[in-house]
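*Asks:* Pasting a structure below so you can have a look.
The values are calculated or read from the model by the stated rules, or taken from the named source; none is laboratory data. The shown structure was predicted, so the numbers you read here are calculated from the model rather than taken from an experiment. Because the Cβ atoms are built from the backbone with ideal geometry, glycine has one as well, and the counts that use them run over all protein chains shown.
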Amino acid sequence: MPASKKDTQATQKRYDRIAPLYDLMEGLVERSRYGKWREMLWRRVEGEQILEIGVGTGKNFPYYPAEVEITAVDFSARMLQRARRKAERETVDVRLEQMDVQHLEFADGTFDTVVATFVFCSVPDPVLGLQEIERVCKPGGKVILLEHVLSDNQFLAWWMNLVSPLVSGTMGPHINRRTVENVGRSGLVVERVTDLAFGIFKLIEARKQSSPA
Ligand SMILES: C[S@@+](CC[C@H](N)C(=O)[O-])C[C@H]1O[C@@H](n2cnc3c(N)ncnc32)[C@H](O)[C@@H]1O
């Protein structure tokens, strides 16, 4: 079922609300784990035209490669405002725009690589968002996602399904998403999935087919 406008607005509002606390909330795990995973992801981008989806407060800025053109979008005005301030403060060369991944305002085949970190747990209609990514990616282009997904462990999956509505209602993310499967359903071809921790945190590398299937 397509995500309603109401779902999208509610998620957007939740991120607007948590924007001032976001960096603080994630501080510890950022230093212990996320930082090295982000570095790993950004080492794998290809080409010159790069799109980052759900830039948030700009946590990937320190890992942006030199000599590429980066456009970064987010649908939360408050998250984006923080990213904008950080980009100015740290002189990061990035074009920032407010945009919903479910309706990207870019032409077909614009980007060599599209990146998202911890975003598809929140997108109301993840398959629609991934289809939009596939559309704006150049034929043969790359998509790299760092995501947490539903565990394969039966007991853990039961618990994640149980608490997911509470987590998404307060903070935004659904902790029971099957993002690897959703990437496959969008028309992208999953090339590699690297398990980073607990069978939950994954680096997903996919590609748009060079010519229509
Ligand atoms: C958990 S935060 C992650 C932020 C950042 N990528 C990071 O790694 O710290 C999720 C971000 O995705 C954004 N987001 C969620 N759904 C979105 C959508 N449909 N379109 C654009 N941005 C979205 C949120 O506003 C938020 O900034």
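*Asks:* Answer yes or no: is there a residue in segment 87-95 that is in a strand (DSSP E or B) and in contact (Cβ under 8 Å) with a residue 12 or more places away in the chain.
*Replies:* Here is the first cut: in segment 87-95, the residues in a strand (DSSP E or B) are 95.
Next, only the ones that are in contact (Cβ under 8 Å) with a residue 12 or more places away in the chain stay: 95.
Yes, some residue in segment 87-95 is in a strand (DSSP E or B) and in contact (Cβ under 8 Å) with a residue 12 or more places away in the chain.
*Asks:* Sticking with this structure for a sec: If residue 67 passes every condition in (1) acidic (Asp, Glu); (2) in contact with a helix residue (DSSP H, G or I) (Cβ under 9 Å, 6 or more places away or on another chain); (3) surrounded by fewer than 19 Cβ atoms within 10 Å (Cβ to Cβ) but one, which one does it miss?
*Replies:* Among (1) acidic (Asp, Glu); (2) in contact with a helix residue (DSSP H, G or I) (Cβ under 9 Å, 6 or more places away or on another chain); (3) surrounded by fewer than 19 Cβ atoms within 10 Å (Cβ to Cβ), residue 67 violates only (2).
*Asks:* Right, another one. Between a residue in segment 28-53 that is touching a residue at least 60 places away in the same chain (Cβ under 8 Å) and more than 18 Å from residue 120 (Cβ to Cβ) and any residue that is part of a loop (DSSP other than H, G, I, E, B) and β-branched (Val, Ile, Thr), which pairs come within a Cβ distance under 8 Å, given they are 6 or more apart or on different chains?
*Replies:* 47/68; 48/68; 49/68; 49/110
*Asks:* State the number of residues belonging to segment 32-85 that are modelled with pLDDT under 95 and within 13 Å of the ligand (Cβ to nearest atom).
*Replies:* Result for segment 32-85: 3.
*Asks:* Which of the residues that make up segment 101-117 are of a type outside the set (A, V, I, L, M, F, W, C), under 22 Å from residue 41 (Cα atoms) and crowded, with 18+ Cβ neighbours inside 10 Å?
*Replies:* 112, 113, 117 - these are the residues of segment 101-117 that are of a type outside the set (A, V, I, L, M, F, W, C), under 22 Å from residue 41 (Cα atoms) and crowded, with 18+ Cβ neighbours inside 10 Å.
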